[in-house]
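All remarks here apply to the structure that follows.
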Amino acid sequence: MPEHIRIREVLHMEPPRPSLTVKGWVRTFRNDQFIAVNDGSCYENLQVVIDPTQFEGALLKRITTGAAIMARGELVASIGRGQRVELKASHIEILGDCDPETYPLQPKKHSLEFLREHAHLRMRTQTFGAVFRIRHSLAYAIHHFFHQKGFIYLHTPIITASDAEGAGELFQVTTLDLQHIPLNERGEVDYSQDFFGRKANLTVSGQLEGELGALAFSLIYTFGPTFRAENSNTTRHLAEFWMIEPEMAFYDLHDNMDLAEEFIKYIIQFVLEHHPTDLQWLANRLKEEESKKPQQERLEMDLLEKLHFVVEHPFERITYTDAFEILKNSPQNKKKKFQFPVEQWGMDLQSEHERYLVEKYFKKPVIITDYPREIKAFYMRQNDDGRTVRAMDILFPGIGEIVGGSQREERYDRLLQRMQELHISPQELYWYLDSRRFGGCPHSGFGLGFERIVQFVTGMSNIRDVIPFPRTPKNIAF
């Protein structure tokens, strides 16, 4: 084990402690006497106090913002304000110099745009330290929640021949020589010469493979990277992101909704309990950001209010048809304040409609069920009305849809018919159809975009700021 103790543990120790070693990076160095050191284990810095007369001037000059240092000394009660304890150092060692003339992260406020350009260094800042500690805890809470409930963690393939969404926005994987692409007699790409002998892509979802696992283990979840080749440069889209997708045998739509609500509340509550200082820092940052906007554009709730709002309120459950009627008859729609007017049943609801239901009408998270089948995926169970499917979307304040799921179509004939209607090849997905032929049963599942929930919990407005190295159109740095 290393000789040093992490700062998170040091800050909870009772002084005095005669001999203690810490290692970290310098945040600030004031008056040749006070060094603020942080090792990334928590939001707070440890104040290291030195007597400048006991150290060489050459060493003091090397204690610059960003430098990595080791400090050894006595942990004492602090007589200054702002910290409970401090380290009275008798020995300082520079482990890694940092040139103050060229280091981009100086002790001042930097814009998120600037930090995005220096994404390889931005994790050292207080804001991104808080974001990525919370990201870690959310991932831990997800695994813990499903493990406690007896779910099997299933690793579904990253490289696949299927397109789960039918969207066609796929990254292709190939070993063919792009300078000399082989063609068959019809002038088409000859994939028989490719690595897999057929066209292959990066996955957009682990759901279809996850269903196979659920029909063996009853309860499974996937949690892995997914990819969309959507040429979208918005604050809500990434080309590479992570998805949590549980699949449950013998669950109907209501069981699915119950699990999703319990799951979301659990992981948010976990962060509220384990990251109070990180959340408070992010709440203060968001409050300052909101204060610069016109009054009508500001969020109604601050970050902590929003998180408690989700945890403490039961989610409202309504059908698409009821939601459509509420929106159609709303003052917003009648006064033509929606960018997308609500006029025709069967339309896909936009974020502004979803947020109106959550923030204005019900004032709580909302689950909408039984969507028109024409706007939903082929695998969703069809209702007896012939118009709707057993889908469910969970809507959150400030974001709109955050979870999408459904009861899956377990009836072989109905699934095959729907695939044929949408020109989805039964031969390509024979294995998916087999899961209905051989011991199929009612089952359900949902998907939660991990970056979306991290974005919601941290209050970051741009999804590129909640993943360490964002992948977006024309951007694959680092």
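Just a few scattered comments:
- Against the criterion of being open to solvent by 50 Å² or more (accessible area, probe 1.4 Å) and touching a residue at least 60 places away in the same chain (Cβ under 8 Å), Glu169 qualifies.
- One residue stands out among those in region 249-258 that are out of contact with any helix residue (DSSP H, G or I) (no Cβ under 6 Å at 6 or more places or on another chain) and in contact (Cβ under 8 Å) with a residue 60 or more places away in the chain: the one that is surrounded by the most Cβ atoms within 10 Å (Cβ to Cβ), which is Asn256.
- Hey, Leu422 of a type in the set (A, V, I, L, M) and in contact with a helix residue (DSSP H, G or I) (Cβ under 7 Å, 6 or more places away or on another chain) or not: no
- Residue in region 68-81 that is in contact with a strand residue (DSSP E or B) (Cβ under 7 Å, 6 or more places away or on another chain), closer than 19 Å to Ser19 by Cβ and not in a strand (DSSP E or B) present: yes
- Selection from region 321-331 of residues that are out of contact with any helix residue (DSSP H, G or I) (no Cβ under 7 Å at 6 or more places or on another chain) and either acidic (Asp, Glu) or not in a loop (DSSP other than H, G, I, E, B) (or both): Thr321, Asp322, Phe324, Glu325, Lys328, Pro331
- Restricting attention to region 194-213 and to residues that are of a type in the set (D, E, K, R) and in contact with a Leu (Cβ under 8 Å, 6 or more places away or on another chain), the residue that is least open to solvent (accessible area, probe 1.4 Å) turns out to be Asp194.
- Scanning region 123-141 for residues that are within 18 Å of Tyr153 (Cβ to Cβ) and surrounded by fewer than 17 Cβ atoms within 10 Å (Cβ to Cβ) turns up His136, Ala139, Tyr140.
- Scanning region 39-85 for residues that are within 14 Å of Val26 (Cα to Cα) and more than 40 Å from the chain's Cα centre (by Cα) returns Ile50, Leu59, Leu60, Lys61.
- Output for region 214-239, where each listed residue is under 17 Å from the mean Cα position of the chain (by Cα) and open to solvent by less than 40 Å² (accessible area, probe 1.4 Å): Tyr221, Thr222, Phe223, Gly224, Pro225, Thr226, Phe227, Leu238, Ala239
The values are calculated or read from the model by the stated rules, or taken from the named source; none is laboratory data. All figures in this text were calculated on a predicted structure; none of them were measured in a lab. Ideal geometry is used to build each Cβ from the backbone, glycine not excepted, and the neighbour counts take in all protein chains shown. Note: accessible area is taken over every heavy atom of the protein model, side chains too, but ligands, DNA and RNA are not part of it. Shrake-Rupley method; radii C 1.70, N 1.55, O 1.52, S 1.80 Å.
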